[in-house]
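Rule-based calculations on the coordinates, nothing more; no lab input. It should be emphasised that the depicted structure is a prediction, and the values quoted were computed from it without experimental measurement. With ideal geometry, Cβ positions are generated from the backbone for all residues, glycine too; neighbour counts draw on all protein chains shown.
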Amino acid sequence: MNGARVIVGGAGLAGLTAAYELARGGAAVTVLDAREYAGGRVRTIRDFSAGQHAERGGEFIEPDHKELLALCETFELRLARVLRSGFTHRFRGADGTYRLSRTAPWEALTDAVAPLLRRYKLAGGDSSADAVREMATLSLSEWLRQSNAPADVQAMSKALRGFFLADPEEISVLPVVEQIARGGSPAQVEFFRIEGGNDRLADALVRATPARFLLGHVIRAVSHAVDRVTVTVTDNAGLTQQIEGDDLVMTLPASTLRDIEIRPELPDDQRQAIAKLPYGRATKVLVQSSTGLFDHRHARAFATDNHLGAFWDASEPLDCARGKDDGTASIIAFLAGGSAAAPLREAASRGGRELLSDLCWLGMSRAPVTAVHVGDWTSDPWARGGYAFTDPGFDPAWRPLLGRRAGRIFFAGEHTSERWQGYMNGAVESGQRAARELLADLR
Ligand SMILES: Cc1cc2nc3c(=O)[nH]c(=O)nc-3n(C[C@H](O)[C@H](O)[C@H](O)COP(=O)(O)OP(=O)(O)OC[C@H]3O[C@@H](n4cnc5c(N)ncnc54)[C@H](O)[C@@H]3O)c2cc1C
């Protein structure tokens, strides 16, 4: 036991993973979070009838989310394969009719992006290379205009709001090039969820970590010196106190981290990166019906370029839900990003029926609605958006600064992961990285 006193700011997957590793390494850990629950942006909603649940935040796990999958294995959490045929795109053509296609719009986008992809690969995909930095200054919409992109490529770019949570006018073209270079279509991968709910991973981490968990504690300020760190927190009774430790692992999203007073200040370049990282506006709506909305359907997930965003069958697969009194009830999830987030939120606030009535082409317009849950991440005070993205004002060469250690403060969180920004795996991987850095320092 090295006995170092480590404070972990944030009890999302990044903070919980870091706390777990640090406690295993012998540190005395205190975890602080403003929310009343652990898990952060991983939140399983369980107040549906018929014993059903669905994910308000992080949902899909993919086969190359290695760190997250390994953690699930450690805690013997089983995974359920879902949405086996991926997402089908549904766009309106110039003649006013709708077209359905699983792969064609993404392939059209990939073809159009080919010249940029070549330049990106020539630069070795290096975020600090001039060619990559220059590409990042171009918005997706500007690139669409310059390349005179055809209608299907424009529609595909708009539909990506349901993935990047940003409009083509907001996001840089670079993340699109990176997505194509790394993994191809985000709509055609194998998707999994944790059986029983993704929050079971957060629960397992809490149970396995002998730490002091102070939930309902808002971090206001941090001061750090060569030999200690002091964190000022206010609890939900309004009491302000100072907590002292030897080191701090800070996993707050950049969207709230930038409001914390840190003394002495972080270096200018790092402060600038934290200040400028944009977060996508996001609304996720869960609608439960007493009928099986996707019964007998092969396609159970769709991506649109309208205010419904992407939507899919969010119910636990029947073979996992066996034994529960689930009858034929089902849950559909809608996720809209960027400028589609507000219209989806407003439509949902009038009841789920309006959303389902837009799905008459799937035969859902008369389905009885039994519950609606609206996840408004844009106005969530402890996230202020769904997840980070790269806009033309964010220099990709700043990315390493988000996770760069500053004295006794170590940084983690989805946004600090260079490979998995925006994913649960980014949170886990960065939490492990920060814990490794800190433990190496203590040796
Ligand atoms: C709608 C939506 C859909 C998503 N879908 C997917 C998906 O399908 N697959 C996937 O892999 N990922 C998905 N994600 C992303 C994934 O959920 C996140 O990347 C991941 O959960 C982030 O974990 P984290 O620990 O970095 O941050 P968080 O979970 O946000 O944890 C940070 C913690 O810091 C706390 N905090 C913030 N400010 C303060 C403060 N001042 N004082 C104290 N505490 C504070 C917060 O309360 C929070 O608990 C989705 C996210 C959203 C919102």
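About its Cα centre, the stretch 90-215 has a charge dipole of approximately 260 debye under the convention of +1 per Lys or Arg Cβ and -1 per Asp or Glu Cβ, with nothing else charged.
In the elastic network of the chain, a GNM with C-alpha springs shorter than 10 Å, the most mobile of D130, D376, D391 is D130. Farthest toward the positive end of the dipole of the chain, out of H89, P253, F410, is the Cα of H89, where the dipole comes from beta carbon charges about the Cα centre.
Working from label points 7 Å from Cα in the Cα-to-Cβ sense, the E73 to Q188 distance is 2.8 nm. With both bridge residues required to lie in the chain, what share of the DSSP beta bridges run antiparallel, to the nearest 5%? The answer is about 70 percent antiparallel. Fewest-first ordering of W382, W361, W143 by other beta carbons within 10 Å of each residue's beta carbon gives W361, W382, W143. A Förster radius of 56 Å, combined with the Cβ-Cβ distance separating T97 from K121, puts the computed FRET efficiency at roughly 0.90.
Shape of the chain from the C-alpha gyration tensor: oblate (a/c of 1.5 or more and a/b not above b/c, with a ≥ b ≥ c the square roots of its eigenvalues).
Could you check what % of the DSSP bridge pairs in the stretch 1-75 are antiparallel, to the nearest 5? Before the final figure, lay out each step's value.
Working: 2 of 8 bridges.
Percent antiparallel among DSSP bridges in the stretch 1-75 is about 25.
Note on D235 and A208: with the Förster distance fixed at 22 Å, the Cβ-Cβ geometry gives a FRET efficiency of about 0.30.
Farthest toward the positive end of the dipole of the chain, out of F334, G422, T110, is the Cα of F334, where the dipole comes from beta carbon charges about the Cα centre. Calculate the spin-label point distance for R353 paired with K276, positioning each point 7 Å from the Cα along the beta-carbon direction, and give it in nanometres. With each label point 7 Å from Cα toward Cβ, the separation is 5.0 nm.
What does the charge count near S339 come to, summing +1 for each Lys or Arg and -1 for each Asp or Glu among other residues with Cβ under 13 Å from its Cβ? Present the calculation step by step, with values, prior to reporting the outcome.
Details: positive: K158, R161, R281, R345; negative: D167, E169, E170, D305, E346.
My count for the surroundings of S339 gives -1.
Counting every other Cβ atom within 10 Å of each residue's Cβ, S49, S430, S157 order from fewest to most as S49, S157, S430. Working note: 222 nm ellipticity from helices only, DSSP H runs with n ≥ 4, each -39,500 (n - 2.57), summed and divided by the residues of the chain, gives -9000 deg cm²/dmol to the nearest 500.
In terms of surrounding Cβ atoms within a 10 Å radius of their Cβ, V285, V369, V229, V428 rank from fewest to most as V369, V229, V285, V428. Using a Gaussian network model of the chain in which every pair of alpha carbons under 10 angstrom is joined by a spring, one finds that among A340, A310, A123 the greatest mean-square fluctuation is at A123.
Let's see if you can work this out: charge +1 on each Lys and Arg Cβ, -1 on each Asp and Glu Cβ, no other charges. What is the dipole magnitude of the chain about its Cα centre, in debye to the nearest 20?
The dipole magnitude comes to about 320 debye.
Using a Gaussian network model of the chain in which every pair of alpha carbons under 10 angstrom is joined by a spring, one finds that among G426, G292, G93 the greatest mean-square fluctuation is at G93. Long hydrophobic helices in the chain: the complete DSSP H runs spanning 20 Å or more by Cα along their own axis with mean Kyte-Doolittle hydropathy of at least -1.0 are 104-122, 424-442. Label the stretch 228-290 by shape, choosing from rounded, prolate and oblate, from the square roots a ≥ b ≥ c of the eigenvalues of the Cα gyration tensor; if a/c is under 1.5 it is rounded, and otherwise prolate applies when a/b is larger than b/c, oblate when it is not. Note, shape of the stretch 228-290 comes out oblate. Basic side chains Lys and Arg get +1 at the Cβ, acidic Asp and Glu get -1 at the Cβ, and with that the dipole of the stretch 335-437 about its Cα centre reaches some 300 debye.
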